[in-house]
Structures are given as C-alpha cells and as structure tokens.
Amino acid sequence: MKVAVIGAGYVGLVTGTGLASCGHDVSLVDIDARKVAMINQAKAPFYEAGLEPLLQKSAGKNLGATVETNKAVTTADVVFICVQTYCQDDGAIDLTHIKQAVTDVGKTLKATRSHPLVVIKSTVIPGTTEKVLIPLLEENSGKKSGDDFGVAVNPEFLREGQAVEDFFNPDRIVIGELDNDSGDILCQLYQDFHTPVLRTDLKTAEIIKYASNVFLATKISFINEIGNICKKLGIDTYKVAQGMSLDSRISPHFLSAGVGFGGSCLPKDTKALISAAQELGYQPHLLQSVIRVNEEQPLRLVEVVAKRVGELSRRKIAVLGLAFKPGTDDMRDSPAIKIVNELLRLGALVTAYDPVAMDNARGIFGEQIEYAATAEDAVLDAELILIVTEWSEFNNPALYRGKKVFYGRRLISPNQVNSGDCEGVCW
Ligand SMILES: NC(=O)c1ccc[n+]([C@@H]2O[C@H](COP(=O)([O-])OP(=O)(O)OC[C@H]3O[C@@H](n4cnc5c(N)ncnc54)[C@H](O)[C@@H]3O)[C@@H](O)[C@H]2O)c1
C-alpha cells in the first residue's frame, strides 16, 4: 500500500520505517526540514535502538521524506497522523499541531480523487476524532467522511528504547473505526502481524490508550509510595516487590521503585485525562495523587543525599543518566531535569553524563553544569554519585570505588558496591 505518515518523530518515524520494511511505499512528512533532510540521508534524527539500520534499508528506495503534506497525501491509500499532542500548562491536551496536520490533509483531499483512510495515531482525548478532527477534515476537503474518505483511530503503544522491537511485536493492535470499511483497510495493512486485534468505535480506542498509560503510571506511583514508606522502615522495597510479584494476580512489570516516571507520554497523558475528567464534572482523585507522588519523587533522591551528607553547596556531584529511561535520548519530562535543577538550587557543582542524551541535556542545562565524555570522566573528581537512568554501562561496581553512591534507579544490589557507602531512593 502507499502510506503517508504526518509527523516524523518517535512514533511517526518508527511506524513509517517499520511499514517500509514490511514492503509498503512510505512517504514521511514533517514541518522540521532538518529532520526531513536527515531521513532522506538515511540518518535517524534522534536515538532509538535499531532504528537507523532499519531506515538505511528503505531510505531512497520505498521510503522518502518531505515537508510538503500534499506531495505525500495525494497518492496515499492510508494517511497516519503522528504529530505531538503535548499538554498545556493547566494539563489540558494541546491540539494545535494535530489540528494543523488534519487541516493540511483535508486541503489536499479537496484536490484529489482518491479515497484514503485517515488514521489518528497520535494520542487524543476520547471524542476528539469525532468532535474536532473529522469536522476539520470535512470542512477543509469539502468531502464526507465515510463516503469520500475513511477514518480510524489506531493508538500507539510502543515504548521508547524498544520502539522498533515493539513495532514488529506489538502486544495488541487496537483499531477504532468510523465504519467497517475503514477498519478493514487497517486490518489489511497489519495482516502480517500475528497479534490480537481489537476493533472498537473511535472514542473507545482513544480511551484504551489513556487507560493503559495511566494504569502504568499508577503502578509506578503506587510502588514508589510503598517504597517511600519502606525507606522510613528500613525495608528494601525490591524484596517487597519481589514478594508481591509472586502473586499471579500482580504482574512483576512496573514495580521498580525509583525517581518516578517521565518521558513524553505517562506524565502528559495522566494530566490530560485528569483535565478531561474535570471538564466532565468528575474529580479523578486517584489520578491526581499519581501525579503528585511522581512530581515529588525525584526530589526525594536529593533529600536522601542531603540527609546523608549534609550541605550540598560546592559539593562535587556526578549525575549518571539523563534520559528518562535507557535506550533513548529523550529527556522530555525526565526526572533528571528536576534532580539536576534541585542540586543546582542547593549550590552543588554538577557533572553529568549520559550515553546518548548529552545534546538534549546541553539544550536544557546550558552552561550551568559540566558535561563528561564518559562515565569514568564524570565520576573522576566527584565526591558523590547519583544514578538517575539505569543504563547497563553504569552496572559497573569499579566505577564507584571509594565514592558515596545514591541510586535513583536500582542497578546493582547495594552490597555489590565495594565501598558499601550507598543508598537508594526507596531502599
Ligand atoms: N513517544 C512515544 O513513546 C509515544 C508512544 C505512544 C504514543 N505516542 C503519541 O504519539 C504522538 C506523537 O508522539 P512523538 O513522541 O512521536 O512526538 P514527536 O514530538 O517526537 O514527533 C512529532 C513530529 O511531528 C512533527 N509535526 C508537528 N506538526 C506537524 C505538521 N503539521 N505536519 C507535519 N509534521 C508535524 C514535529 O515536527 C515532530 O517531528 C503523541 O500524541 C504521543 O502522545 C508517543
């Protein structure tokens, strides 16, 4: 099939590259000319494990990128909308980018004879496709959804850091369909994926995405809350999580206590659902607490450090790990931002290192901190070490000899560190 993908970010580029490797003709569209140029040179504009080698197989053959929506959409059978849907300061979803993207698609449809399927892959609040996006498509195309073009909602569940693997091996495919024909086209596109497919109406598919993400966020804040209690009791939370996981009703996933969740999805999706619920006249107390626990959690690590060593002013501190999780350079809402800013506020001298997120870190912290080229360099002069992202290269006790180490993420068992001078945020 001919596929257009609007928005070549983490979701769009992985989706487009994955579909190209399945043999489809893919045209990616992005307003960022730098990203477009890089993709056309078979270079991934951000780090995602396995993405660039996959891109190199299709770029210039059955995959290309452009800044012009009409070039990609005119001949497309399926148009995926994958642009960002951040939240505003009050937590409500910001639809600016997706409205613009569907407006551009609608304008192109006006001048075409084709009957493509428009698929909303971006995460949007339930009802958005029906109430906002379809009307925009119809208004700008002068055409009727269902008759002249199909519409589906196909939420994305990939995890950054494992996005390529997740593309090829999804746990499920959720298809919200305007009508049967729309759903059938998407089923055909995904016919080689051997995974359960759930077909629903549009808004059910939209909320399945939120319910899934918000459940995971809740699980993390839950175990962090248990961890904060365990810390006060002198109990190792990881033993507790292990004991919980042996209960077949509780899965072991997302029970790793630490400095909280970050990234472009869990925080903003939880906030957006809270905001949407409030607009409907419902106070989602549980979800509000999930966010509250998560906002305080990074600062707990700094509290643990200060309690152990006293004043942090002028202390040399190495921060290992800046990305919100391993396998990605994404620092959006990373707990590392709060931790570094708090250390700076307390007057500490921070040297940071991350295997792939250094460019993004420079954009956030500028000249306020030192940047090390390796983990070894970062810890060389440091008196204290904070581990904030669980990259496997930090799983190296030799790095920490003679230093005080504070774990924001569990890496190695505390008694594996030779100095014995270490402490975790929740253990
Ligand atoms: N990142 C994830 O792990 C993930 C996982 C599942 C779902 N999602 C959802 O998928 C959506 C995309 O997320 P992302 O992380 O890929 O975002 P992103 O910010 O990485 O990428 C979005 C891209 O869209 C481009 N863009 C914006 N407006 C455009 C327009 N009018 N025309 C063409 N391009 C445009 C931007 O330049 C950017 O490159 C969001 O709704 C997000 O919530 C993200």
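The values are calculated or read from the model by the stated rules, or taken from the named source; none is laboratory data. Bear in mind that the values here come from a model prediction, so they are computed numbers and not experimental data. We place every Cβ from the backbone using ideal geometry, glycine too, and count neighbours over all the protein chains shown.
Of all residues in segment 41-86, those satisfying the criterion of being within 21 Å of the chain's Cα centre (by Cα) and among the polar types (S, T, N, Q) are GLN84, THR85.
Whenever a residue of segment 135-149 is on the phi > 0 side of the Ramachandran plot, its partners that are crowded, with 20+ Cβ neighbours inside 10 Å and outside any helix (DSSP H, G or I), lying with C-beta atoms within less than 8 angstrom and at least six residues away or across chains, give the pairs GLY146/LEU178. Among residues of segment 1-30 that are more than 18 Å from LEU117 (Cα to Cα) and more than 15 Å from the ligand (Cβ to nearest atom), those with a Cβ under 8 angstrom from a residue that is part of a helix (DSSP H, G or I) and polar (S, T, N, Q), sequence gap 6+ or separate chain, pair up as SER21/SER58.
Looking at segment 277-383, the helices (runs of 4 or more DSSP H) lying wholly inside it that each contain 3 or more residues that are aliphatic (A, V, I, L, M) and closer than 21 Å to PHE406 by Cβ sit at 285-309, 335-345, 375-380. In this structure, PRO135 qualifies as over 23 Å from the mean Cα position of the chain (by Cα), outside any strand (DSSP E or B) and more than 15 Å from the ligand (Cβ to nearest atom).
For (1) closer than 20 Å to TRP391 by Cβ; (2) within 26 Å of the chain's Cα centre (by Cα); (3) buried (at least 21 other Cβ atoms within 10 Å of the Cβ), each residue gets a yes or a no:
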site	(1), (2), (3)
VAL302	no, yes, yes
ARG308	no, no, no
SER313	no, no, no
LEU320	yes, yes, yes
SER334	yes, yes, yes
ALA357	yes, yes, yes
ASN360	yes, yes, no
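Considering (1) within 16 Å of the ligand (Cβ to nearest atom); (2) under 17 Å from LEU273 (Cβ atoms); (3) of a type in the set (Lys, Arg), the lone condition that LYS121 does not fulfil carries the number (2). One residue alone among THR112, THR103 is within 18 Å of LEU136 (Cβ to Cβ), near the ligand (Cβ under 10 Å from one of its atoms), surrounded by fewer than 18 Cβ atoms within 10 Å (Cβ to Cβ) and without any contact (Cβ under 8 Å) to a residue 40 or more places away in the chain, and that residue is THR103.
Of the strands (runs of 3 or more DSSP E) lying entirely inside segment 1-78, those containing at least 3 residues that are crowded, with 21+ Cβ neighbours inside 10 Å are 2-6, 25-29. Somewhere in segment 80-98, is a residue surrounded by 17 or more Cβ atoms within 10 Å (Cβ to Cβ), without any contact (Cβ under 8 Å) to a residue 40 or more places away in the chain and of a type in the set (Gly, Ala, Ser)? No, the conditions are met nowhere in segment 80-98.
Can we say SER313 is among the hydroxyl-bearing types (Ser, Thr, Tyr), touching a residue at least 12 places away in the same chain (Cβ under 8 Å) and within 24 Å of CYS230 (Cβ to Cβ)?
On the way: among the hydroxyl-bearing types (Ser, Thr, Tyr): yes; touching a residue at least 12 places away in the same chain (Cβ under 8 Å): yes; within 24 Å of CYS230 (Cβ to Cβ): no.
So SER313 fails the test.
The numbered conditions (1) part of a helix (DSSP H, G or I); (2) touching a helix residue (DSSP H, G or I) at 6+ places or on another chain (Cβ under 7 Å); (3) farther than 22 Å from ILE173 by Cβ; (4) not charged (D, E, K, R) are all true for THR129 except (3).
Yes or no: segment 137-153 includes at least one residue that is over 30 Å from ILE291 (Cα atoms) and among the aromatic types (Phe, Trp, Tyr).
yes
Residues in segment 238-274 that are within 21 Å of the chain's Cα centre (by Cα), away from the ligand (no atom under 16 Å from the Cβ) and more than 25 Å from GLU303 (Cβ to Cβ): PRO252, HIS253. Whenever a residue of segment 196-219 is modelled with pLDDT of 95 or more and of a type in the set (Asp, Glu), its partners that are assigned to a helix (DSSP H, G or I) and within 15 Å of the ligand (Cβ to nearest atom), lying with C-beta atoms within less than 8 angstrom and at least six residues away or across chains, give the pairs GLU206/THR128; GLU206/THR129.
Checking each residue of segment 390-405 against the condition of being surrounded by 20 or more Cβ atoms within 10 Å (Cβ to Cβ), within 25 Å of the chain's Cα centre (by Cα), within 27 Å of VAL11 (Cβ to Cβ) and modelled with pLDDT of 95 or more gives at least one match.
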